[in-house]
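Let me begin by presenting the structure, written as structure tokens, before commenting on it.
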């Protein structure tokens with residue numbers, strides 16, 4: 001834990017001001033989409049995200065040569081899903097755990113999200129989502145591809161692949177740097193994220 005509350009105080013200040021809160025949300029989407037998003041309506045941003053993530057799933061499936069019929073998840077029976085969907089679930093858990101570590105490391109407040117709002121881990125989910133299109137889908141679809149070739153558990157393959165990619169790509173240190181940039185007291189600099 002950091003020995004200062006500067007990040008948490010900055011987060012609260014940005015979160016409490018609707019314009020600054022939206023600026024942070026837009027900066028998060030800029031990181032995810034690789035471009036500055038001009039809209040200032042969070043619902044429009046969420047709609048753009050939905051369309052882009054569907055396309056990202058399809059592209060990842062094609063890249064790893066995995067059959068894809070869309071996102072399918074039943075909380076009551078998670079193992080009923082195909083390998084790719086199971087792997088996405090496991091990769092999402094790993095990504096959320098990494099984001100939890102990053103949020104705790106800088107002393108940010110997990111409950112004060114800028115895109116997510118209702119969860120006790122809203123900011124953690126915001127940070128995890130910054131890697132959804134690239135890192136998480138590579139973990140998931142790569143694990144599904146490996147599972148097709150051998151009989152190992154999809155959960156085990158996904159965890160191993162996540163650990164390897166997290167190390168190789170310095171995922172947690174990158175998350176920490178992004179949090180610091182997003183929660184800069186002067187507000188996020190969208191051009192430099």
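The values are calculated or read from the model by the stated rules, or taken from the named source; none is laboratory data. Predicted model, so just to flag it, every value in this text is computed and none were measured. For neighbour counting, all protein chains shown are included, and Cβ atoms are generated from backbone atoms with ideal geometry for every residue, glycine included.
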(request) Please tell me if residue 172 is outside any loop (DSSP other than H, G, I, E, B), at pLDDT 95 or above, crowded, with 19+ Cβ neighbours inside 10 Å and in contact with a helix residue (DSSP H, G or I) (Cβ under 6 Å, 6 or more places away or on another chain). (result) no
(message) Please go through (1) within 19 Å of the chain's Cα centre (by Cα); (2) touching a residue at least 60 places away in the same chain (Cβ under 8 Å); (3) assigned to a loop (DSSP other than H, G, I, E, B) for residue 73 and return the number of the only condition it doesn't satisfy.
(response) (2)
(request) Take the residues in segment 77-124 that are without any contact (Cβ under 8 Å) to a residue 60 or more places away in the chain, in a helix (DSSP H, G or I) and in contact with a helix residue (DSSP H, G or I) (Cβ under 7 Å, 6 or more places away or on another chain), then tell me which one is surrounded by the fewest Cβ atoms within 10 Å (Cβ to Cβ). (result) 79
(message) Take the conditions at pLDDT 95 or above and loosely packed, with under 15 Cβ neighbours inside 10 Å and apply them to residue 43. Does it pass?
(response) no
(message) Six or more apart or on different chains, Cβ atoms under 7 Å: show the pairs whose first residue is in segment 50-63 and at negative phi and touching a residue at least 40 places away in the same chain (Cβ under 8 Å) and whose second is surrounded by 15 or more Cβ atoms within 10 Å (Cβ to Cβ) and not in a helix (DSSP H, G or I).
(response) 57/68; 61/68
(message) Based on this model, can you work out whether residue 67 counts as under 15 Å from the mean Cα position of the chain (by Cα) and not in a helix (DSSP H, G or I)?
(response) no
(message) If residue 140 meets every condition in (1) closer than 25 Å to residue 3 by Cβ; (2) buried (at least 23 other Cβ atoms within 10 Å of the Cβ) apart from one, which number is that one?
(response) (1)
(request) Would you confirm whether any residue within segment 13-35 is at pLDDT below 80, in contact with a helix residue (DSSP H, G or I) (Cβ under 6 Å, 6 or more places away or on another chain) and in a helix (DSSP H, G or I)? (result) no
(message) For segment 1-40, give me each residue that is surrounded by fewer than 12 Cβ atoms within 10 Å (Cβ to Cβ) and under 20 Å from the mean Cα position of the chain (by Cα).
(response) 34, 35
(request) List every residue pair whose Cβ atoms lie under 9 Å apart, where the two residues are 6 or more positions apart in sequence or sit on different chains, the first residue falls within segment 153-174 and is on the phi > 0 side of the Ramachandran plot and without any contact (Cβ under 8 Å) to a residue 60 or more places away in the chain, and the second residue, located anywhere, is buried (at least 16 other Cβ atoms within 10 Å of the Cβ) and in a helix (DSSP H, G or I). (result) none
